[in-house]
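Q: One structure, as structure tokens, below. Some questions next.
The values are calculated or read from the model by the stated rules, or taken from the named source; none is laboratory data. If you're wondering where the values come from, they're calculated on a predicted model, not measured in any experiment. Methodologically, a virtual Cβ is constructed for each residue, glycine included, from the backbone with ideal geometry; neighbour enumeration extends over all protein chains shown. SASA here: full protein model, heavy atoms, side chains in, ligands and nucleic acids out. Shrake-Rupley method; radii C 1.70, N 1.55, O 1.52, S 1.80 Å.
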Amino acid sequence: MGNTATARSGVASDISRWAFDVRGSATEAAIVCRVLGPIEVEIDGAPLELRGARLRQLLAALSLAAGAPVSNDALAEHLWGHSPHGESGPNVRVVVHRLRAALGPHAGRIFELDRCGYRLVLTPEQTDHGRFAGLVGTGVQALLAGRAAEATHTLQAGLDLWRGRPWAELGDAPDVLGARTKLVELRELAIEELQAARLACGDTAGAVAALSEAVIRAPYRERRWELLVVGLFRSGRQADALAALRKVRALLIEEIGVEPGPALRALEQRLLDHDPGLFLSDNTIDTAGSRATGPARDFLTYPGGQRAS
């Protein structure tokens, strides 16, 4: 629900551990696997046709393991919901053989087999979910460093990778739900920090429009209400900003039974005090590689409720 700065800071810390420098990837991967929507495989720039649901399920199950070997029994569970006829090995090997045939001469570059099971050998840069996590981490770090324009571009690039539900071919087993939920949560955070970056760049109207939709889709995420209120205030809509604060407070109390978190409570007082730090002056509109200056340094909407140093 995003009601404490500590919780959001923890998420930001997790992101930094996932981050890789996307600008350092000078060459395109020969093989790319996409799971943020219906599974897709691209080899040397050409899409690979995967005929049959079993092939797509097998590839999705191997991708889910993030490079760890997957046993025959676990693969059978993903493919059939149980080990067919009490013996999974031969049945799984048939599907694996079909997938190897579909991959052709590239199969040896993507598959490994050891005593623990089959393994998909792909770097994070060769998967869309790996690229997404890296872009979000890089974008958040840019925002924390005051490079809001760079953060806007990077976070938008990460969100553009999404085409639908992650690992759509797989069911709702605990391991699938866990990995899917983690990615969805990272996407929600990226949506919020993208709008924070847009506010820091001075794109107030665009951020307010996006946040007005975002609070409808996820009304209990306080971070996006905080950003919306700031955007409304900067647009000269103080009454609407205060109305939004009253709305989220009523929502949380009536439906969840909790008061708004400290960030929203502090923001309400700052609005009532007409705190000049809430405004974005012309000389704080950020460009890539620059740092914000002036009054907006006191309220640049950074991850975890942090302020610019």
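Q: Given a Förster radius of 45 Å and the C-beta distance between residue 239 and residue 177 as r, what FRET efficiency does 1/(1 + (r/R0)^6) yield to the nearest 0.05? Before the final figure, lay out each step's value.
A: Numbers: r = 42 Å, r/R0 = 0.94.
Between residue 239 and residue 177 the formula returns 0.60.
Q: Another question, if that's okay. Calculate, in nm to one decimal, what residue 30 and residue 94 gain on full extension: separation in residues at 0.36 nm each, minus their alpha carbon distance.
A: Full extension of this stretch gives 20.5 nm more.
Q: Tell me the label-point distance for the pair residue 259, residue 184, using the 7 Å Cα-to-Cβ offset, in nm and rounded to one decimal.
A: In this crude spin-label approximation the distance works out to 3.1 nm.
Q: Name the residues whose placed amide hydrogens come within less than 5 Å of the amide hydrogen of residue 111, ignoring near sequence neighbours (fewer than 5 apart) on the same chain.
A: So residue 111 has HN proximity to 121.
Q: Further, regarding this structure: Does region 117-250 come out rounded, prolate or oblate, given a ≥ b ≥ c as the square roots of the eigenvalues of its C-alpha gyration tensor, rounded meaning a/c under 1.5 and, failing that, prolate meaning a/b above b/c?
A: Taking the square roots of the gyration eigenvalues as a ≥ b ≥ c, region 117-250 is oblate.
Q: Moving on to the next point. How would 223, 51, 246 rank on accessible area, largest to smallest, probe 1.4 Å?
A: Descending order: 51, 246, 223.
Q: Okay, next question. For region 82-190, run through the trypsin sites (Lys or Arg not before Pro) and keep only the ones in DSSP coil with at most 15 other Cβ atoms within 10 Å of their Cβ.
A: Answer in residue order: 115, 163.
Q: Compute the length gained on full extension between residue 71 and residue 273: take 0.36 nm times their separation in residues and subtract their Cα-Cα distance, giving the result in nm to one decimal.
A: Residue separation times 0.36 nm, minus the Cα-Cα distance, leaves 66.6 nm.
Q: Right, here's the next one. Expressed as a whole number of Å, what is the distance separating the alpha-carbon centroids of region 184-222 and region 117-181?
A: Region 117-181 and region 184-222 have Cα centres spaced 17 Å from each other.
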